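Please treat every number below as a calculation from the coordinates, not as lab data. What you are looking at is a predicted structure, and each value in this text was computed from that prediction instead of being measured. Positions of Cβ are generated from backbone atoms using ideal geometry, with glycine treated the same way; all protein chains shown enter the neighbour counts.
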Amino acid sequence: MKEIPSPSVENSEKWEVQLRKGSLELAILAALWDGRLYGLEILRELESKSDLIVVEGTVYPLLNRLRALALVESEWVESDSGHPRKYYRLTPAGRQRALEMTRIWARFSARMNNLLAHLNEETRPVPEGRTPYDSLCRISESRRRLPHGPP
Amino acid sequence: MILSAESQKAVDAYLTALRKKLRPLPPEDANDIVEEIHAHILDKSAAMTAEGMVSTTLAALGTPDELAARYRTDELLKRAQVTRSPVVSLFSLARWATLSLIGLVAFVVSLAGYAVGALLVVIGLFKLIYPHNGGIFFDPRPGSHGIDGSGGFSFVSGGTWTHPGHEVFRLWLAPSCLALGALLVFLTFRLGTWCIRRFWRPSALREV
């Protein structure tokens, strides 16, 4: 019998998909930061340096759109493999966009990390002799110590 | 990279289907896309050793229809901004309608505009071809006023039609309907184009 996923797990998965989608444009621009790459190299770069597993059928239309937005430019280059490859590189507008997105990402993630700091304790493996109740007490205690904590 | 005959056949079939689905795009753009996908298949297959990897690569790309659809949307809406064809405009709006609420509203309004415009043109043509077989009538008798007393344009084939009411517009109905219908189609077309120019923005992340 097929196992039905619980609503919370399903929602978490959807949220994660949206999160990955939202960071894909920046990831591709970042992958191209150091120089030109062709489609498969971009995919490998994303897989090896990030947690992003991009479906191959989506990366090429996405690169096409980035080109339409003048963020990347492309050129066909002959290769040793016997067939030409289409290489992509960042345009000045693309570099500017990548920097701008990186700034926004850094600010946003720093604030989110700040907000989530006490939740991180909760998600760590519980040491022997420390129950979830202890963790909750610790969180409540840390919240009380915050200068602008809940009333 | 040399593919087996069977793999080569599968790749050719995939690329032919993709090229077919990319027909709405300019030929040079479609060729560019097909060549890039071809290069990807060859690179990906070369990197794999086991047999049957071509089919895995093709599966990862999605069906030719799915892959082509991802390319077509932006191109269609880009063309709609400069097209002079109401058909291209309407198709583009239909595609846009599947992506956003504003697209849906623009499509519904355009569809209604084109439908009413086309109906007026048809009425005008009928009146032009059969001047004595139809028209808009006003009947002053109590309880039967309105267009033809029955609320619509009346047309009968064969012979000359006599109606107890007073015919409005008479022969002016044909040029009026034709002009009004054409104007409505033109304004609807302009409205659709304006909506696309004003509200549609290519998004790198859409449909990913």
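Values computed for the structure shown
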{"item": "Within 10 Å of each Cβ in B:28-41, the average number of Cβ atoms from other chains", "result": "4"}
{"item": "Listed peptides B:63-76, A:77-90 by packing density, highest first (mean Cβ within 10 Å)", "result": "B:63-76, A:77-90"}
{"item": "5 angstrom amide H check on residue A:72, placed H, neighbours 5+ away", "result": "A:67, A:91"}
{"item": "Cα gyration tensor, the range B:1-74 - rounded (a/c under 1.5), prolate or oblate", "result": "prolate"}
{"item": "Flagged links, alpha-carbon separation over 23 Å, of A:86/B:44; A:14/B:44; B:9/B:78; A:86/B:21", "result": "A:14/B:44; B:9/B:78"}
